[in-house]
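Every read-out reported here was derived from the displayed coordinates using simple, explicitly stated rules and does not represent laboratory data. This is a predicted model, so every value here is computed, not measured. Cβ coordinates were reconstructed from backbone atoms using ideal geometry, including for glycine residues, and neighbour counts include every protein chain displayed.
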Amino acid sequence: MGAALVLEIENLHVTVDGREILKGLTLAVNAGEVHAIMGPNGSGKSTLSYALAGRDGYAVTEGSMRLAGKDLIALTPEERATMGLFLAMQYPVEIPGVVTMTFLRTALNALKRARGEKEIDAAGFLKEVRAAAKTLNVSEEMLKRALNVGFSGGEKKRLEALQMAVLKPRLAILDETDSGLDIDALKLVAEGVNALRAPDRAFIVITHYQRLLDYIVPDKVHILAGGRIVREGGPELAKDLEARGYDAIVREAA
Amino acid sequence: MSAEAALATWLGDYRGNRIDLPGADDPRLAERRERAIALVESAGLPHRRLEEWKYSDLLHRLASEYEPATPWAGALVREGALADPFADIACNTLIFANGFFRADASSPPEGLTVTTLAESGVPDGALPALDAQLARADDAIGNLNLALARDGVFITVPAGFKAERPLHIVYLDPAASGARRARTVRSQIRLEEGAELTLIETYLGKGGAEDVTNAALDITLSERAVLSHVRVLSDGESATQIHSLNAALEKGARYAPTILNLGAGYCRTTMRLEMQGAGAHAEVTALAALGGREHNDLTTILRHAVPGTTAMQTVKSVLAGKSRGIYQGRVVVMPGANGTDSTQLAKSVLLSREAEADTKPELEILADDVKCAHGATIGALDPAALFYLRARGIPKAEALAMLVEAFLGDALGAIADEPLREAAAAALRARLAALEVTL
Ligand SMILES: Nc1ncnc2c1ncn2[C@@H]1O[C@H](COP(=O)(O)OP(=O)(O)OP(=O)(O)O)[C@@H](O)[C@H]1O
Ligand SMILES: [Mg+2]
């Protein structure tokens, strides 16, 4: 048996705007592992990530999701974050008037407060953010700007990675964090993930591209189609997919 | 009480007390008061059938017995519903208590001429603005104010004088209980050529009784004069605050008022800006953060009379509970006033389903080559932004506060002086923290 389960999803059904998108999804992720989820456009990958993070409008109609043994369904997004869930969003939201740096510090201290830990002081925080910003090539100037406002696609994704590095989640879900990144940035973000890999931490990497998985080698690859996991395998499954496409693989699974 | 009876109450105050009003023995003033009250009598009190008053039922607020406020000699506490946000800013301070100047508590600045209505009547230089008031025959509130004004301050900043410290006028309502009172204050600020001043006004009340404040401020800015003006209002839920803000801008003058309504049962501000000299520029910022049944009506009338004047109006409201935020922005570009650039931006955020925002731009353009842009949005806070913050662990209430503050906060950038801006921001935060989000 060995490693503890970080995430346990069973027979999950999720409805958005009255339409069932996830139709009985089952997935388990152990501590210390990296899982990749791949799947055609519209198959429900982002829906899964939002349902896990607790976004309004993503109604769980059946099934369960547990984080470190605790049922998530009744929890607010901030409670889930406090438990160590982090979602790097496919489309990070622009928030005018909220300075990125202030936001980061508010988030970190909110988590610490909720966990009964001591808040971080300004100097300690600055040091930590600067270090993470440097490895991810996020400029000081970006941190002074309003959150995601006017950031390029790649800058937004790097900032998501930076938040992950600062907030140090137990389970990080990266929803197409690689989309929009140039090759150098892709490497930086992958290195960022790899540096965070730890026995008590797990990752779900949602991606369309094999290339990311060359840098972040997953323990398992899942293929999500039609609201379910239709195939699971090792890293070779992603390569197979790259070579043959979804159609063939999904049909095979059916 | 009927409209006629309400009018009779106010006229009765004048007729019964005119011999005791300041300047009663000065024909220059007494005669103008007579003309003013005659105009009120023929126009009647404002009612909702008048386009300019259609969103704000003032008659209802004026229709009950009241007593004219009397001077207050007791202790002064600089707080209303909120504490005076600028108490720690180094300023020259003029204090009004219950609508009357308190010389003992005030520190008039050196280099400026400061006199008060109750003490020394009206200086000659103040008469043109009173005549401008009388020329607005339909403006019953302004004329009622002129007829009934019990006190006020006349300030002149001499040519070229650049005041180092802000001038802070604090209006306190120290005895917020007992009978319903009416305060009528009329002040004037005149900046001569090239003079510069930062003016702060705080209106602090707890509105225990259903008091009515009718305050008018006439501002005259001569060539190249620069006036920064911050006004904060924090009063109780039953208070009625009626303000007239009349400014005339000569060549190259700049006027930048920032008005923050941080709570008052009913507040109507009528702002009239006369852009009379080329290169004159007005930068109007008005923010309101309201809850309960509070009602805020900002009505601006901006007249571009000559070529080459510019104005920017930014109006933002955050409305909780059953509150209501109204902005009527009228821009008039007179014939020949080419090259006018006048922009209006109105944004409201509703924090409850029962709150309401109304915006009415009105453009009257009688010249060519004019830029008059206006935009208005009314909505809830961005749910995607709220989720994003919460997903990072920020609790809902704190996340909402961040978003609301962000929505209003950038508008405070219009206050150039940093400590002043910070103090205004802190007051805004304190107010926002008290508002309930019920979406
Ligand atoms: N608000 C909504 N109302 C109705 N349908 C929705 C809504 N949001 C998403 N969907 C639908 O749910 C399905 C799954 O969307 P989702 O974003 O989860 O796909 P995805 O797998 O992440 O796709 P991509 O690879 O393009 O990111 C899509 O068909 C989408 O149109
Ligand atoms: Mg997606």
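Averaged over its residues, how many other protein chain Cβ atoms are within 10 Å of peptide A:55-62's Cβ atoms?
Values: counts 7, 5, 2, 0, 0, 0, 0, 0.
Mean shielding by partner chains, rounded to a whole number: 2.
So, in chain B, how many Lys pairs have Cα atoms under 26 Å apart, if the pair is 8 or more places apart or on different chains?
The result is 19.
What average count of beta carbons from other chains do you get within 10 Å of the Cβ of residues in B:182-191?
Going residue by residue through B:182-191 and averaging, the value is 0.
Averaging sequence separations of C-alpha pairs under 8 Å and six or more residues apart, then dividing by the length of segment B:216-343, give the relative contact order as a whole percent.
Taking the mean separation of contacting Cα pairs over the length of segment B:216-343, I get 22 percent.
For segment B:284-310 and segment A:36-74, compute the distance between their C-alpha centroids and round to whole Å.
47
Give the shape of segment B:266-332 as rounded, prolate or oblate, defined through the alpha-carbon gyration tensor: a ≥ b ≥ c are the square roots of its eigenvalues, a/c under 1.5 means rounded, and otherwise the shape is prolate if a/b is larger than b/c and oblate if not.
Because a/c hits 1.5 or more and a/b exceeds b/c, segment B:266-332 counts as prolate.
Just want to confirm a number: the relative contact order over chain A, from Cα pairs under 8 angstrom separated by 6+ residues, in percent.
Relative contact order comes out at 27 percent.
Compute the FRET efficiency between B:Arg429 and A:Val16 as 1/(1 + (r/R0)^6), taking r as their Cβ-Cβ distance and R0 = 41 Å, and round to the nearest 0.05.
0.70
Short version: ³J(HN,Hα) in whole Hz for each residue of segment B:338-346, in order, from phi by Karplus 6.51 cos²θ - 1.76 cosθ + 1.60 (θ = phi - 60°), x for Gly and Pro, what are they?
Values per residue, Gly and Pro as x: 6, x, 5, 10, 9, 10, 10, 9, 10 Hz.
Using alpha-carbon pairs under 8 Å, 6+ residues apart, how would you state the relative contact order of chain B in percent?
It rounds to 11 percent for chain B.
On a C-alpha basis, how far is the centre of segment A:190-254 from the centre of segment B:87-137 in Å? Whole number, if you could?
Cα centroid of segment A:190-254 versus Cα centroid of segment B:87-137: 75 Å apart.
Gap in Å between the Cα centre of segment B:41-82 and the Cα centre of segment B:203-271?
Each part reduced to its Cα centre gives a spacing of 14 Å.
What FRET efficiency do you get for A:Thr135 and B:Thr438 if R0 is 51 Å and r is their Cβ-Cβ distance, rounded to the nearest 0.05?
Plugging the Cβ-Cβ distance into 1/(1 + (r/R0)^6) gives 0.75.
With +1 assigned to the C-beta of every Lys and Arg and -1 to the C-beta of every Asp and Glu, and no other charges, what is the dipole magnitude of chain B about the Cα centre in debye, to the nearest 20?
Result for chain B is approximately 860 debye, rounded to the nearest 20.
Based on the Kirkwood radius over alpha-carbon pairs, what is the Stokes-Einstein translational diffusion coefficient of chain B at 4 °C with 1.567 mPa s viscosity, in µm²/s?
Stokes-Einstein gives a translational diffusion coefficient of 59 µm²/s.
Do any GluC sites (Glu not before Pro) in segment B:52-86 lie in a loop, going by DSSP, with at most 14 other beta-carbon atoms within 10 Å of their beta carbon, and if so which?
In loop regions of segment B:52-86 (DSSP not H, G, I, E or B), the sparsely surrounded GluC sites (Glu not before Pro) are B:Glu65.
Spin-label point model (7 Å from Cα, Cβ direction): what's the B:Glu79 to B:Arg48 distance in nm?
Taking the simple label geometry, B:Glu79 and B:Arg48 are separated by 3.7 nm.
Give me the lysines in straight-line cross-link reach of A:Lys187: C-alpha distance below 29 Å, same-chain residues under 8 apart excluded.
Answer for A:Lys187, where 29 Å is the Cα cut-off: A:Lys45, A:Lys127, A:Lys134, A:Lys144, A:Lys156, A:Lys157, A:Lys168, A:Lys220, A:Lys239, listed by chain and number.
Quote the FRET efficiency, to the nearest 0.05, computed for B:Ala103 versus B:Ala159 with a Förster distance R0 of 22 Å and r equal to the Cβ-Cβ distance. Write down the numbers at each step before the final one.
Numbers: r = 27 Å, r/R0 = 1.21.
Once the sixth-power term is evaluated, E becomes 0.25.
Give the long-range amide H neighbours of B:Ala357: residues separated by 5 or more places, or on another chain, with amide H under 5 Å away, using H modelled in the peptide plane at 1.01 Å from N.
Counting only residues 5 or more places away or on other chains, the set is B:Gly325.
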